[in-house]
Amino acid sequence: MTGFELQRLAMLMEPQPGDPHEAEGVLNPAAARGPDGKLYLFPRLVARQNYSRIGIARVRFNEAGDPQDVERLGIALEPETDYECGIEGRGGCEDPRVTFVEPLQRYLMTYTARTPRGPRIAAAHSTDLFHWKRSGLVPFAPFQGLDLSNVDDKDACPFPAAIPSPSGHPELAMLHRPLFPGTSPEEKARHAASHEVDLDRESIWISYRPISLEAFQPGLVDQFSHHRLATPISPWEKLKIGCGTPPILTRHGWLVVYHGVSEIGQPSNGVHHLCYAAGVMVLSKEQPQVIRYRSSEPVLSPTLPLERDGTVANVAFPTGIDRRDDIGSPDRFDIYYGMADNRIGVARLDVPDVLPKGGLADPQEGEASGPESDRSGKAVIAGA
């Protein structure tokens with residue numbers, strides 16, 4: 001095997017007729033193995049007016065070991081707190097990621113809370129995947145003039161182990177994607193001709209904090225540190241990149257399947273048509289703020305009818321990952337993803353024996369990277 005190979009396996013879950021909780025879609029699930037060894041999904045269930053809950057379902061496999069369907073088990077989280085209830089009751093709990101964090105001996109769920117001020121990252125924790133205790137909104141310390149706690153933020157993905165921070169101390173780490181004003185895909189598409197990437201405001205970030213459940217509450221915010229991880233550099237992610245699946249350790253380092261957004265064709269009637277696709281990133285095991293490999297082309301693009309037509313057209317959005325140790329295949333990862341913001345698909349990703357050549361690198365903090373960036377902290381999309 002010479003590259004990251006991905007094979008679609010199934011459309012695993014779609015809205016259940018007659019269920020008001022799923023009236024507008026079932027999408028973007030977290031995935032985690034429970035204490036019983038079984039695989040559980042935590043899909044976003046969307047009711048009328050885009051009101052979202054987080055469900056729980058057990059995955060059922062066929063004789064070949066491939067995911068086949070699910071057994072719905074109810075609701076894991078639904079909007080209850082003031083930070084989950086937006087304006088005029090249009091709040092929600094959205095797009096969870098679930099990771100068993102070894103130093104905490106807890107499952108940690110990060111999800112998007114639809115607050116009255118906009119989307120923010122919230123957290124909850126559990127010992128069994130069925131009973132969740134909220135930690136609240138996740139705080140972020142200011143960084144070089146950037147107020148990361150008071151901008152929209154989504155796509156948070158915790159690491160499962162203690163990570164060496166740049167200061168040399170083992171800490172908890174989390175990937176996330178702040179959404180500064182003017183950096184949404186729709187806004188960038190309207191000004192694509194003159195747009196230069198702002199490395200600080202249009203990137204995936206990695207944030208570190210002390211090893212404690214209290215580190216997800218405001219009291220220790222002055223002990224946090226942040227580093228820009230990845231910025232848009234390829235045409236398929238020109239309008240936005242964001243986190244996808246939680247990092248998972250492989251022979252090459254921390255594997256992340258992330259998403260990128262580009263524009264399809266020309267605008268029609270003032271509407272820009274977007275495409276959400278998935279790529280692969282491998283981070284250094286010892287220094288995860290260093291990217292060892294990054295795919296120059298997506299590994300999963302919306303090409304099937306169920307990925308092209310739905311609540312939002314042309315979306316393949318990865319959020320869940322499962323290493324198949326259960327069938328003796330530690331280099332196989334099943335990727336669970338949202339299909340057109342309406343259904344859930346699963347695809348098989350095989351990790352190659354060696355990292356492919358030609359992976360792209362990002363400009364590091366305060367640096368330029370050859371022809372792909374200039375000295376002002378602006379980046380130029382490769383090949384654009």
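One table, with the values for the structure above:
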{"quantity": "Search result, residues across the stretch 324-334 that are in a strand (DSSP E or B) and either within 12 Å of ALA347 (Cα to Cα) or in contact with a Gly (Cβ under 9 Å, 6 or more places away or on another chain) (or both)", "calculated": "ARG324, SER329, ARG332, PHE333, ASP334"}
{"quantity": "Scan of the stretch 1-31 for residues that are in contact with a helix residue (DSSP H, G or I) (Cβ under 6 Å, 6 or more places away or on another chain) and open to solvent by 60 Å² or more (accessible area, probe 1.4 Å), ordered by number", "calculated": "MET11, GLN16"}
{"quantity": "Matching entry among GLY34, GLY74, GLY65 (being out of contact with any Phe, Trp or Tyr (no Cβ under 7 Å at 6 or more places or on another chain), surrounded by fewer than 22 Cβ atoms within 10 Å (Cβ to Cβ) and either within 23 Å of GLY310 (Cβ to Cβ) or touching a residue at least 24 places away in the same chain (Cβ under 8 Å) (or both))", "calculated": "GLY65"}
{"quantity": "Output for the stretch 342-359, where each listed residue is in a loop (DSSP other than H, G, I, E, B) and open to solvent by 40 Å² or more (accessible area, probe 1.4 Å)", "calculated": "ASP353, VAL354, LYS357, GLY358"}
{"quantity": "Test set (1) among the hydrophobic types (A, V, I, L, M, F, W, C); (2) surrounded by fewer than 18 Cβ atoms within 10 Å (Cβ to Cβ); (3) farther than 24 Å from VAL290 by Cβ - ALA162 fails condition number", "calculated": "(3)"}
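Here's the yes/no breakdown for (1) modelled with pLDDT of 95 or more; (2) outside any strand (DSSP E or B); (3) over 17 Å from the mean Cα position of the chain (by Cα):
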residue: PRO79; (1), (2), (3): yes, yes, yes
residue: CYS93; (1), (2), (3): yes, no, no
residue: PHE100; (1), (2), (3): yes, no, no
residue: THR112; (1), (2), (3): yes, no, no
residue: HIS125; (1), (2), (3): yes, no, yes
residue: SER135; (1), (2), (3): no, no, yes
residue: ALA141; (1), (2), (3): no, yes, yes
residue: ALA161; (1), (2), (3): yes, yes, yes
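Let's see how each residue does on (1) at pLDDT below 95; (2) buried (at least 24 other Cβ atoms within 10 Å of the Cβ); (3) among the hydrophobic types (A, V, I, L, M, F, W, C):
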{"residue": "ASP222", "(1), (2), (3)": "yes, no, no"}
{"residue": "HIS227", "(1), (2), (3)": "yes, no, no"}
{"residue": "PRO235", "(1), (2), (3)": "yes, no, no"}
{"residue": "PRO246", "(1), (2), (3)": "no, yes, no"}
{"residue": "VAL257", "(1), (2), (3)": "no, yes, yes"}
{"residue": "GLY260", "(1), (2), (3)": "no, yes, no"}
{"residue": "GLU263", "(1), (2), (3)": "yes, no, no"}
{"residue": "TYR276", "(1), (2), (3)": "no, yes, no"}
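The values are calculated or read from the model by the stated rules, or taken from the named source; none is laboratory data. All figures in this text were calculated on a predicted structure; none of them were measured in a lab. Every residue, glycine as well, gets a Cβ built from its backbone with ideal geometry; the counts of neighbours run over all protein chains shown. Ligands, DNA and RNA are excluded from the accessible area calculation, which covers all protein heavy atoms including side chains. Shrake-Rupley method; radii C 1.70, N 1.55, O 1.52, S 1.80 Å.
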